[in-house]
Amino acid sequence: SVGTLQYYKTAFRLFERFHFEHNLLCSPLTCPKEHVQTFLWWLSRRERPITVHAQFRALRAFFRWLVKEGLRTDNPIEHVQPPKINEPLPKTVTEQHFTATLLAINTKTFAGLRDAALFALAFDSGARLGELLNLKLSDIDLVQRFAKVKGKGGKERMIYFGATTANLLSQYLTQRSLRFGTPSPNAFLFVTNDGRPLSKRQAEDRWHKAQRKANLEPLPFHGLRHGFARMWLLRGGDAFSLQLLLGHNSAEVTRRYVTLWGTDLQKLHAEKSPVDALNLRLSRKQSR
């Protein structure tokens with residue numbers, strides 16, 4: 001994707017800049033392990049740990065590729081320890097936060113109705129913003145209530161949504177047709193007031209404005225995805241299904257969600273305990 005290409009370009013340019021600034025004359029084919037270690041230390045004096053870790057991952061992928069292609073026989077980053085990061089807690093949209101935000105939106109306007117439909121679809125499906133903005137009309141089925149999205153690496157998966165979200169989307173599409181005429185199946189689902197595809201920045205700005213209108217501290221749009229994960233687990237959904245719905249390649253992130261909301265899950269279990277539900281009356285027989 002464009003974002004992935006930009007990620008690698010930024011990382012490699014920074015690595016190149018480090019070599020120039022320190023007069024280290026070598027190419028990626030001859031760069032030693034010591035250069036990688038010194039680069040990460042140099043970067044750690046300037047950037048946040050999470051940024052340093054991102055640079056490490058980019059270089060690791062690059063050097064692995066060089067070895068795989070036969071351009072190097074050794075991997076200079078193979079025995080370099082990745083920088084440690086303290087992952088911040090995800091900023092999660094709760095059901096109360098979401099409800100207050102949606103109620104603050106004026107759905108009598110075209111933009112307001114579109115925003116409500118977009119936000120509801122995000123919270124109801126757990127899809128990433130980029131995935132939702134790339135949806136075409138042919139990708140979504142309002143009757144069966146599912147849509148086909150392309151995730152990271154171009155991998156396709158199905159997302160699902162409920163009747164309320166389907167109703168909002170139906171109202172939005174009706175107003176869209178009245179405003180611009182019947183669109184083609186290949187047209188983008190979410191558009192601006194002048195019919196152009198809604199951009200990521202525009203969607204994030206609208207989400208922030210809606211929260212401020214509801215007198216709430218703005219949370220990032222990605223918080224809707226975290227909120228979906230939390231609600232899925234609280235309502236008894238299993239971690240494996242959550243991993244598939246979110247499109248995670250590994251269970252690591254999903255497992256982190258389970259750990260984060262362990263307290264909530266403990267409360268849920270107290271209400272749903274299978275053995276408690278049986279209301280057993282066990283008697284203790286006295287032994288002779």
Can you give me the accessible area per residue for the chain, using a 1.4 Å probe, in Å²?
64 Å²
Among trypsin sites (Lys or Arg not before Pro) in the range 71-147, those in a DSSP loop whose Cβ has at most 13 other Cβ atoms within 10 Å are LYS84, LYS91, LYS108
Just tell me the longest site-free run in the chain, where the sites are GluC sites (Glu not before Pro) in a DSSP loop having at most 15 other beta-carbon atoms within 10 Å.
79-288
The rounded separation in angstrom of the Cα centers of the range 48-100 and the range 21-38 is 20 Å
Scoring the chain by relative contact order with C-alpha pairs under 8 Å, at least six apart, yields a percentage of 17 percent
Report the local net charge at ALA163: Lys and Arg +1, Asp and Glu -1, summed over other residues whose C-beta lies under 11 Å from its C-beta.
0
CD proxy, 222 nm, the chain: helix-only mean residue ellipticity via -39,500 (n - 2.57) per DSSP H run with n ≥ 4, per residue, nearest 500, stands at -17000 deg cm²/dmol
Whole-percent carbon and sulfur contribution to the accessible surface of the range 1-110 (1.4 Å, no ligands, DNA or RNA) stands at 55 percent
State the answer as a single residue: which of PHE119, PHE56, ALA104 lies farthest towards the positive end of the charge dipole of the range 25-131, with beta carbon charges of +1 for Lys and Arg and -1 for Asp and Glu, about the Cα centre.
PHE56
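The values are calculated or read from the model by the stated rules, or taken from the named source; none is laboratory data. Since the structure is predicted, the reported quantities are computational estimates derived from the model, not experimental observations. Because the Cβ atoms are built from the backbone with ideal geometry, glycine has one as well, and the counts that use them run over all protein chains shown. In case anyone asks, the SASA skips ligands and DNA or RNA and just uses the protein heavy atoms, side chains included. Shrake-Rupley method; radii C 1.70, N 1.55, O 1.52, S 1.80 Å.
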